Amino acid sequence: MILVWLILLPFLGGILAWYAGDRNANASRWTSVAALFLDLVLLLFLWFLSSDAAGPRQSGSWFVEFDRQWIPQLGIGFHLALDGLSLLLVLLTLFLGLLSVISSWSEIQTRVGFFHMNLLWTLSGVLGVFLSLDLVLFYFFWELMIVPMYLLIAIWGHENRTYASIKFFIFTQLSGLLMLLAILGLYFIHGRATGIYTFDYLQLLGVSIPLPLSVWLMLGFFIAFAVKLPAVPFHTWLPDAHTEAPTAGSVILAGLLLKTGAYGMIRFMVPLFPEAAAYFAPLGMLLGVVGILYGALLAFGQKDLKRLVAYTSVSHMGFVLLGVFAWNELALQGTLMQMICHGISTGGLFILVGLLQERIKTRDMDRIGGLWSSAPKMGGVALFFAMASLGLPGLGNFVGEFLVLLGVFRKNMFIAAIAAAGLVVAAVYSLWLVQQVFFGKPREGTRLADITLREMSVTAVMIAALLYLGLYPQPVLNISGPALTSIVSGVNAPDNGTIQKTGQNQSMGKGVGRP
């Protein structure tokens, strides 16, 4: 039941924040902080109650599981579970959610209560995605997080918010419908093969599907996850959504919603369709490399600060796509590290861009320059996050990208070498961003107040997290290791770079199933 409360607390907190906002804006903000802080305490309590810091007591088992019938006539259950993989992503969700609320404290001045309700409901949907093991329940939360995010962009966004919000909604909604069709197809195929009609993930593992049909079903999942990731060529909604979203919306988009796509690939897509994933792996890895280079080059050509940071996300998430289709434990460990560290570093950059826009009312890099003289603390923070984004050794992003490249190198040296070139381009656009904004000749009217104590507190926590993950990533690897090992155990990735079904996929359900 404690897993249910992890999802319910932000949902109920959003309702309270909306109610409180009608009377006092600060009461709404503090209500949001309290709801997320309580959820974070609940998660930490659950974690330490269920396992030690090195991972689950029984390798491959869930920390905790909640399974109840929901609509038994249709085989739909309310099945939630938490393992090392989902634990880290739930922790990231609550961490970035808290920082999003605090960072937007003074930015949002209209309909404050309704803003925080939508923000918390988005987080509630993300938590549901990371915890669900019933495919209908997973789809329900997948769609739940779209509507409040649409409202965050459409109501509190910037100049072209209507266009950006509608584009975001169309891309994510249509791709989600493709996934629903694939879920239904898997449901009926499993039912005809076994006589058991169910949407439970653990029971659907290992069902035998002819390869052509399996590829089509996998593509339904892949397109939904690739749109959310986003992978080229499904990425075009992202720059517009990031550019027009309020600061908190950009942080949640970059730090969390993108990660739901990567999580879906690791948890559902490859384990459910191993042969189809093997067939598609070369193209998937090619799309990852294209995303790394294409996103980096487009980032270098941007003049809008938010748009620049948005394209860096396209580039960095290309490493995630590479790691998924390399499908070995080393690459998946790097993928998870990249997901966490990208969420923190890119979230930090979006917070800084929001602070700049709040002060000088522009994101145009041609109108900004020489800010270091008036805001050296902000410049130092921006330099740190830029170094993290380019993968400086000693920071968390380097660990993630390095592990992904090592894992990919085992499968295809040529692709790994091309992907490594993306790190060089990342260094160029990251340093160029800092040079353009904080150095050079000061532009007239761009002097601004330096970062405040509240703002410095938010960024300092993110800096500390990236330093910790870069200097001592082993606890994260220990926590996620048993879960990733259990997932990989049902899908073989031999030396020729393919992903194959071992013939014992059902053992995967036992390996990672209920203790």
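The values are calculated or read from the model by the stated rules, or taken from the named source; none is laboratory data. Bear in mind that the values here come from a model prediction, so they are computed numbers and not experimental data. Counting neighbours? That spans all protein chains shown, and the Cβs are built from the backbone with ideal geometry, glycine included.
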Practice prompt. Could you check Val270 against (1) crowded, with 24+ Cβ neighbours inside 10 Å; (2) within 30 Å of Ile451 (Cβ to Cβ); (3) not small (Gly, Ala, Ser) and say which number it fails?
Written response: (2)
Discussion item. Which numbered condition in (1) under 30 Å from Ala281 (Cα atoms); (2) not in a helix (DSSP H, G or I) is the only one that Lys441 fails?
Written reply: (1)
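Specify which of the listed residues (Thr312, Thr236) is β-branched (Val, Ile, Thr), crowded, with 24+ Cβ neighbours inside 10 Å and within 19 Å of the chain's Cα centre (by Cα).
The conditions single out Thr312.
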Item to complete: Hey, can you tell me all the residues within the stretch 18-38 that are under 25 Å from the mean Cα position of the chain (by Cα) and touching a residue at least 60 places away in the same chain (Cβ under 8 Å)?
Response: Arg29, Thr31, Ser32, Val33, Ala35, Leu36, Phe37
Practice prompt. Return only the number of the condition from (1) free of Cβ contacts under 8 Å to residues at least 60 places away in the same chain; (2) under 30 Å from Trp156 (Cα atoms); (3) in contact with a Phe, Trp or Tyr (Cβ under 7 Å, 6 or more places away or on another chain) that Pro233 does not satisfy.
Written response: (3)
Practice prompt. Return yes or no: is Ser104 under 30 Å from Phe350 (Cβ atoms), out of contact with any Asp or Glu (no Cβ under 9 Å at 6 or more places or on another chain) and modelled with pLDDT of 90 or more?
Written response: no
Practice prompt. State which residue is surrounded by the most Cβ atoms within 10 Å (Cβ to Cβ) when the search covers only the stretch 399-432 and only residues that are free of Cβ contacts under 8 Å to residues at least 12 places away in the same chain and in contact with a helix residue (DSSP H, G or I) (Cβ under 8 Å, 6 or more places away or on another chain).
Written response: Ala416
Worksheet item: In this structure, is Gly77 at pLDDT 90 or above and more than 29 Å from Pro482 (Cβ to Cβ)?
Response: no
Worksheet item: Of the residues in the stretch 223-242, how many are touching a Leu at 6+ places or on another chain (Cβ under 9 Å) and assigned to a helix (DSSP H, G or I)?
Response: 9
Item to complete: Select, from Ala278, Ala226, Ala262, the only residue that is farther than 24 Å from Val136 by Cβ and touching a residue at least 40 places away in the same chain (Cβ under 8 Å).
Response: Ala278
Practice prompt. Can you give me the number of residues within the stretch 153-175 that are surrounded by 18 or more Cβ atoms within 10 Å (Cβ to Cβ) and either of a type in the set (Gly, Ala, Ser) or more than 30 Å from Ile108 (Cα to Cα) (or both)?
Written response: 5
Item to complete: Inspect all residues belonging to the stretch 276-290 and state whether any of them is farther than 30 Å from Met218 by Cα and within 18 Å of the chain's Cα centre (by Cα).
Response: no
Item to complete: Look at Gly396 and say whether it is under 30 Å from Leu371 (Cα atoms), of a type in the set (Gly, Ala, Ser), buried (at least 17 other Cβ atoms within 10 Å of the Cβ) and touching a Gly at 6+ places or on another chain (Cβ under 9 Å).
Response: yes
Fill in: Odd one out for Ile170 among (1) touching a helix residue (DSSP H, G or I) at 6+ places or on another chain (Cβ under 7 Å); (2) modelled with pLDDT of 90 or more
(1)
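Here is a list: Ile189, Ile196. Which entry is surrounded by fewer than 19 Cβ atoms within 10 Å (Cβ to Cβ), part of a loop (DSSP other than H, G, I, E, B) and over 21 Å from the mean Cα position of the chain (by Cα)?
So the residue among Ile189, Ile196 that is surrounded by fewer than 19 Cβ atoms within 10 Å (Cβ to Cβ), part of a loop (DSSP other than H, G, I, E, B) and over 21 Å from the mean Cα position of the chain (by Cα) is Ile196.
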Item to complete: With the condition kept exactly as written, say whether any residue in the stretch 408-422 is closer than 26 Å to Phe95 by Cα and of a type outside the set (Phe, Trp, Tyr).
Response: no
Item to complete: Answer with yes or no whether Met339 is assigned to a helix (DSSP H, G or I) and within 23 Å of Leu87 (Cα to Cα).
Response: yes
